[in-house]
Amino acid sequence: VFHGRILARRVVGQETRYEVEVKARYRHRFPLVSREYLWVPNTCGCPALSVAGEYVLMARRHVNHEHTLNRILLQDGGYARPWTPREARLVREAARHC
């Protein structure tokens with residue numbers, strides 16, 4: 001779970017790739033660097049993330065069986081909420097209890 005600002009959006013094949021500036025991390029299940037690519041397995045723009053928008057995102061690390069693919073995946077219908085101070089506070093509180 002992290003707070004990110006969308007820098008760019010690009011359709012690659014049947015997927016959408018977002019370039020994201022990582023602003024804050026709420027859960028540390030896997031390491032993130034300051035700029036990451038976030039992949040969505042569709043081209044419809046679901047969830048709708050707009051360039052320059054800031055969001056609280058819950059994504060997972062996806063590694064294929066051959067270990068040749070290692071990326072951050074936001075699943076269809078995944079948790080992507082516009083970032084607000086209130087949303088950030090709620091996520092931080094939840095992270096302390098989970």
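At-a-glance table
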quantity	calculated
Breaking point among (1) within 24 Å of V12 (Cα to Cα); (2) surrounded by 14 or more Cβ atoms within 10 Å (Cβ to Cβ), for W83	(1)
Hits in the stretch 61-88 (condition: in contact (Cβ under 8 Å) with a residue 24 or more places away in the chain and basic (K, R))	R61, R71, R81
Options L32, L38, L57, L49; residue that is modelled with pLDDT of 90 or more and within 12 Å of V1 (Cα to Cα)	L57
Positions within the stretch 59-80 being open to solvent by 90 Å² or more (accessible area, probe 1.4 Å) and either in a helix (DSSP H, G or I) or within 17 Å of E19 (Cα to Cα) (or both), in sequence order	R60, N70, Q75
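So that you can scan it fast, the table gives a plain yes or no per residue for (1) acidic (D, E); (2) assigned to a loop (DSSP other than H, G, I, E, B); (3) farther than 21 Å from N70 by Cβ:
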residue	(1), (2), (3)
E19	yes, no, no
K23	no, no, yes
H28	no, yes, no
L32	no, yes, no
L38	no, no, no
T43	no, yes, yes
V51	no, yes, yes
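The values are calculated or read from the model by the stated rules, or taken from the named source; none is laboratory data. Please read all numbers here as calculations on a predicted model, not as lab measurements. Reconstructed Cβ throughout: ideal geometry from the backbone, glycine too, with neighbour counts over all protein chains shown. We work out accessible area using only protein heavy atoms, side chains counted, and drop any ligands, DNA or RNA first. Shrake-Rupley method; radii C 1.70, N 1.55, O 1.52, S 1.80 Å.
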